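The values are calculated or read from the model by the stated rules, or taken from the named source; none is laboratory data. Predicted model, so just to flag it, every value in this text is computed and none were measured. Positions of Cβ are generated from backbone atoms using ideal geometry, with glycine treated the same way; all protein chains shown enter the neighbour counts.
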Amino acid sequence: MSAKLTIALAVTFALIFSPNVFTARAQQKPLTSDQRQVVDTLNTIFIAARADDVAKFDSVIASDFYIFDGGARFNGDSIMAFIKAQHAAGKRYEWNVTEPDVHISGNIAWIAYVNKGSITDASAP
């Protein structure tokens, strides 16, 4: 995967924490190989974050990656530190890319999706 495609995918990570993301699609079209690679990259980000695997996370983001969550800007290191702190506090996240709507134009890709997941802690989901 090219660095430019990776950079574009990094922007999609911002969607992880956005509760307002919703893509209504009556029928899901089959994904091309390139579109599947975009979904797989986003899933790798989720898997790495869930496991506190900074090396895996860093392997799929660009060096200038950043996201916004709750009005705050996070780079790769700071978002992973935040997630690790949440894990240490007993919170567990389950993220899932469903209903992906992937677009690729040259070296740029973007994805909209429905994140069907949960946040659990010691008390309840």
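General remarks:
- Residue check, Ala55 more than 24 Å from Asp101 (Cα to Cα), modelled with pLDDT of 95 or more and surrounded by 11 or more Cβ atoms within 10 Å (Cβ to Cβ): no
- The single residue among Asp69, Asp77, Asp64, Asp53 that is within 23 Å of Val114 (Cα to Cα) and acidic (Asp, Glu) turns out to be Asp69.
- Any hit, segment 22-39, residues being touching a Phe, Trp or Tyr at 6+ places or on another chain (Cβ under 6 Å), part of a loop (DSSP other than H, G, I, E, B) and either under 25 Å from Ser123 (Cβ atoms) or modelled with pLDDT under 85 (or both): no
- Out of Ala48, Ala62, one residue alone is under 15 Å from the mean Cα position of the chain (by Cα) and assigned to a loop (DSSP other than H, G, I, E, B). It is Ala62.
- Within segment 85-98, residues that are basic (Lys, Arg) reach partners that are modelled with pLDDT under 95 and in a loop (DSSP other than H, G, I, E, B) with beta carbons closer than 7 Å, at six or more positions or on different chains, in the pairs Lys91/Asp121.
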